[in-house]
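Structure, as structure tokens:
The values are calculated or read from the model by the stated rules, or taken from the named source; none is laboratory data. If you're wondering where the values come from, they're calculated on a predicted model, not measured in any experiment. Counting neighbours? That spans all protein chains shown, and the Cβs are built from the backbone with ideal geometry, glycine included.
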Amino acid sequence: MSRRRHSDSDNEGGQAHKRRRTSEPIEIEDRLESLICRVGEKSTSSLESNLEGLAGVLEADLPNYKNKILRILCSVARILPEKLSVYTTLVGLLNARNYNFGGEFVEAMIRQLKETLKNNLYNEAVYLVRFLSDLVNCHVIAAPSMVAMFENFVSVTQEEDVPQVRSDWFVYVVLSCLPWVGKELYEKKDVEMDRLLSQIEGYLKGRAKTHVPMLQVWTAEKPHPQEEYLDCLWAQIQKLKKDRWQERHILRPYIAFDSVLCEALQHNLPPFTPPGHMPDAQYPMPRVIFRMFDYTDAPEGPVMPGSHSVERYVIEENLHCIIHTHWKERKTCAAQLLSYPGKNKIPLNYHIVEVIFGELFQLPTPPHIDVMYTTLLIELCKLQPGSLPQVLAQATEMLYMRLETMNTSCIDRLINWFSHHLSNFQFRWSWDDWSDCLTVDLEKPKPKFVKEVLEKSMRLSYHQRMVDIVPATFAALIPAEPLFKYKYEDESASSLPGYQASIIVGNAIKNRASNEEILTLLKDVPNPNQEDDDDEGESFNPLKIDVFLQTLLHLAAKSFSHSFSALGKFHEILKALTERDEGKLHILKVVYEAWKNHPQMIAVLVDKMIRTQIVDCAAVANWLFSQDMAHEFTRLFVWEILHSTIRKMNKHVQKIQQELEEAKDKLEKQQHKRQKDSGDEEDMDKNSEDEEGQLEEQIDRLQEKVESAQSEQKNLFLVIFQRFIMLLTEHLVRCETGSVDISTPWYKNCIERLQQVFLMHHVTIQQYMGTLENLLFTAELDHHILAVYQQFCALQL
């Protein structure tokens with residue numbers, strides 16, 4: 001097939017011909033990429049004829065564009081895993097026509113696999129190994145060499161002093177390939193495969209599973225067991241083996257080309273030794289398989305495969321792959337999910353909803369940002385308005401019914417998703433169906449959930465809208481109107497100690513008095529902590545903070561930006577008032593008292609005060625755990641503030657560490673340059689030495705800043721965990737003394753918030769494990785609390 005593009009006009013000059021010749025290879029390369037990436041998508045021709053045609057085109061282009069074709073095929077194997085068998089068939093057809101190309105492709109894939117493992121890209125490595133295994137079905141790779149690779153992978157379980165998560169990953173890779181290639185490998189190498197599965201079984205029986213409770217979405221095992229991912233996959237593979245490796249859901253286009261492919265010469269995989277364990281390796285965390293539906297939930301239409309059938313694994317894996325590939329483009333992602341091959345054989349909507357919620361609730365964190373799942377579900381509802389909204393409503397109802405045993409972190413995500421979802425559908429919901437939440441203690445999960453959903457919905461709407469959308473019977477759960485509470489509002493407050501001072505300060509702010517003038521006025525505010533005859537220095541004066549901040553926030557209460565502007569303008573005064581730790585705590589207390597009916601305003605003001613260093617992170621943690629906030633302890637906004645504070649601290653440390661690394665790199669380059677230019681003039685040497693001296697001083701300063709910031713970071717975690725331990729210990733002692741069951745809604749919330757802190761910030765907390773173990777999580781600690789720490793430690797092993 002000719003690739004030459006002939007000129008449309010004979011009158012064009014030679015220069016135009018020259019320009020076209022240079023751009024022609026790029027155009028052809030782009031066209032090849034487009035052809036390869038789009039094969040398998042909707043087409044008037046059959047997939048088989050498209051593959052045969054594409055194989056012919058690529059074969060013709062191999063002499064000139066072999067490297068480009070190799071690169072594209074290696075890339076699609078990694079980044080389009082949902083079209084795995086389409087591309088393995090294509091490679092099989094090319095191998096049948098050009099044996100050398102097949103060999104080069106296998107070598108390129110092995111190089112790519114080594115690179116992904118070296119760079120900790122374990123998900124992509126799974127896709128590459130699975131691709132190689134499917135090439136056995138296409139007669140590209142010889143079955144014995146694939147079995148040998150699997151044996152090398154499983155041998156990792158015999159290594160000593162390596163984390164369990166390392167062995168887990170290599171076992172998972174082998175098991176996850178078997179739905180595709182198990183039948184072929186058993187036909188060729190049954191004895192070796194039996195030995196391999198026996199080794200895997202022995203490893204799985206001896207595995208520690210201390211980590212599982214920390215990763216489960218629900219604590220209850222009914223109606224669906226929450227299985228650890230390897231246990232579940234092992235059960236699915238066992239059933240597949242029992243069914244003689246027959247499965248019905250994998251697209252296998254290579255079957256149509258069997259007569260061609262079986263004639264092809266096969267390649268042996270080069271010996272592959274798994275790279276050794278490195279201390280900085282970041283293996284994937286274990287998971288618990290999310291189960292929400294079974295065949296009874298979808299009574300009409302095709303039957304949903306059982307939880308231990310391999311079809312369930314294959315369908316879910318392919319749907320995860322589609323989301324992984326297209327998550328940045330919600331419209332494409334939704335369309336691809338709904339056009340899943342073989343959709344008529346399964347209740348696709350149920351599978352899609354279960355997979356999306358499974359990702360959203362994945363602990364410690366979802367694979368993608370939370371809002372992506374919201375927009376994806378909205379898009380799916382638009383594309384399938386006749387069926388998907390009903391399945392989603394059914395799922396939401398099931399989640400609501402199971403709130404009692406749901407993990408608190410997952411409830412947070414459910415609140416955020418549901419409120420955002422409702423805001424896109426005029427907040428329409430059958431609220432009366434949830435009236436059972438009105439007959440129980442308001443601290444129980446169901447009423448708390450509804451209250452938090454309405455609170456979050458109000459942020460996306462307005463107060464009166466919330467009053468209008470829910471029945472009047474729900475009045476107790478509707479959030480208060482988000483108004484400022486000014487304690488010096490009118491003359492009824494005239495008996496308060498700071499009333500007169502608030503009027504004077506308010507007038508001074510309105511009259512644009514300077515910071516110095518206002519500070520002078522504040523000196524006259526009486527100090528309730530100081531006796532009249534106490535002449536010893538000035539003690540902490542909470543009334544000063546009360547008068548100034550209440551008045552300032554009252555005058556700036558119109559909007560977020562007014563409040564930010566006020567904090568910025570009077571930053572100097574606020575810093576002066578919060579020199580001591582008591583002042584930092586009191587300023588937070590005043591913000592809360594003034595804006596207690598507007599949690600979002602509290603969150604953004606606290607955020608602003610941390611950024612401007614009016615308060616520090618430890619002060620925020622101490623305030624949130626203080627007695628003043630005890631009645632709000634289980635509210636979602638409290639934990640959003642805490643996690644935001646921890647993230648700020650972590651980013652601060654990372655920023656300084658990065659500056660230090662950059663300065664060290666600069667110094668190294670400078671020294672290298674000086675050594676290289678050592679033969680040049682002396683004055684240049686002197687300039688270089690001066691620059692190096694300045695850099696060394698800068699590095700010393702940054703080193704001190706890093707150490708100081710890390711010390712502050714460690715202190716923050718010590719404060720948080722110490723306060724958790726104190727609260728939980730008090731509760732446990734109180735229950736034991738009064739012979740009361742410890743499992744109250746408050747206790748469940750608190751212990752799961754402790755788990756949440758560990759999980760959300762696990763990378764940072766790992767640095768301070770030794771300190772935590774020596775100072776806080778000691779053997780003497782109550783086993784209920786210590787269990788959380790042990791579960792966390794088990795995740796890293």
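For the reader, a short list of remarks on this structure follows.
- Residue count for the range 295-315 satisfying the condition of being in a helix (DSSP H, G or I) and either touching an Asp or Glu at 6+ places or on another chain (Cβ under 8 Å) or not acidic (D, E) (or both): 8.
- Residues that are assigned to a helix (DSSP H, G or I) and of a type in the set (G, A, S), drawn from the range 605-627: A618, A619, A621
- Residues of the range 130-169 classified as among the aliphatic types (A, V, I, L, M) and under 21 Å from E201 (Cα atoms), total: 8
- The residue that is modelled with the highest pLDDT, among those in the range 180-234 that are of a type in the set (S, T, N, Q) and under 14 Å from R287 (Cα atoms), is Q216.
- Yes/no for Y127 being touching a helix residue (DSSP H, G or I) at 6+ places or on another chain (Cβ under 9 Å), at pLDDT below 95 and aromatic (F, W, Y): no
- Matching residues, the range 113-129, being over 15 Å from V174 (Cβ atoms) and in contact (Cβ under 8 Å) with a residue 24 or more places away in the chain: K114, T116, K118, N120, N123, E124
- Criterion: in contact with a helix residue (DSSP H, G or I) (Cβ under 7 Å, 6 or more places away or on another chain) and closer than 26 Å to E263 by Cβ - qualifying residue of S133, S145: S133
- Meets criteria (without any contact (Cβ under 8 Å) to a residue 24 or more places away in the chain, among the aliphatic types (A, V, I, L, M) and within 28 Å of Q600 (Cα to Cα)) for I369: yes
- Taking every residue in the range 670-682 that is modelled with pLDDT of 70 or more and pairing it with any residue that is surrounded by 12 or more Cβ atoms within 10 Å (Cβ to Cβ) and not acidic (D, E), at least 6 positions away or on another chain, the pairs with Cβ-Cβ distances below 7 Å are Q670/S688; Q670/L695; R674/S688.
- Annotation: of all residues in the range 35-45 being loosely packed, with under 11 Cβ neighbours inside 10 Å and of a type in the set (S, T, N, Q), the one that is farthest from L251 (Cα to Cα) is T44.
- Odd one out for Y499, checked against (1) more than 27 Å from Q627 (Cα to Cα); (2) without any contact (Cβ under 8 Å) to a residue 12 or more places away in the chain: (1)
- Counted as qualifying within the range 717-797 are the helices (runs of 4 or more DSSP H) with 2 or more residues that are free of Cβ contacts under 8 Å to residues at least 40 places away in the same chain, under 30 Å from D441 (Cβ atoms) and of a type outside the set (D, E, K, R), namely 745-760, 783-796.
- Of the residues making up the range 716-756, those that are farther than 12 Å from D782 by Cβ and of a type in the set (V, I, T) are V719, I720, T737, V740, T744.
- Exactly one residue among Q236, Q216, Q282, Q226 is under 30 Å from the mean Cα position of the chain (by Cα) and surrounded by fewer than 18 Cβ atoms within 10 Å (Cβ to Cβ), and that residue is Q282.
- Among the criteria (1) of a type in the set (S, T, N, Q); (2) over 26 Å from the mean Cα position of the chain (by Cα); (3) under 30 Å from P213 (Cβ atoms), the one S419 does not fulfil is (2).
- Selection status of Q713, closer than 26 Å to K664 by Cβ, in contact (Cβ under 8 Å) with a residue 60 or more places away in the chain, crowded, with 17+ Cβ neighbours inside 10 Å and not charged (D, E, K, R): yes
- Screening W169 with (1) surrounded by fewer than 22 Cβ atoms within 10 Å (Cβ to Cβ); (2) closer than 30 Å to A108 by Cβ; (3) under 23 Å from the mean Cα position of the chain (by Cα) gives one miss only, at (1).
- Filter result for R330 (in contact with a helix residue (DSSP H, G or I) (Cβ under 7 Å, 6 or more places away or on another chain), basic (K, R) and on the phi < 0 side of the Ramachandran plot): yes
- Members of the range 35-87 found to be among the aliphatic types (A, V, I, L, M) and more than 19 Å from G102 (Cβ to Cβ), listed by number: L35, L47, I79, L80
- Those helices (runs of 4 or more DSSP H) of the range 445-526 in which at least 1 residues are among the β-branched types (V, I, T) and closer than 30 Å to K748 by Cβ, considering only elements entirely within it, cover 445-459, 463-469.
- Residue in the range 600-610 that is under 24 Å from K487 (Cβ atoms), surrounded by 19 or more Cβ atoms within 10 Å (Cβ to Cβ) and touching a residue at least 60 places away in the same chain (Cβ under 8 Å) present: yes
- Looking at S457, S387, S423, S409, just one residue is modelled with pLDDT under 95 and either in contact with a Cys (Cβ under 6 Å, 6 or more places away or on another chain) or closer than 30 Å to T332 by Cβ (or both), and that residue is S387.
- Looking across the range 435-444, the residues that are assigned to a helix (DSSP H, G or I) and either of a type in the set (S, T, N, Q) or without any contact (Cβ under 8 Å) to a residue 40 or more places away in the chain (or both) come down to S435, D436, L438, T439.
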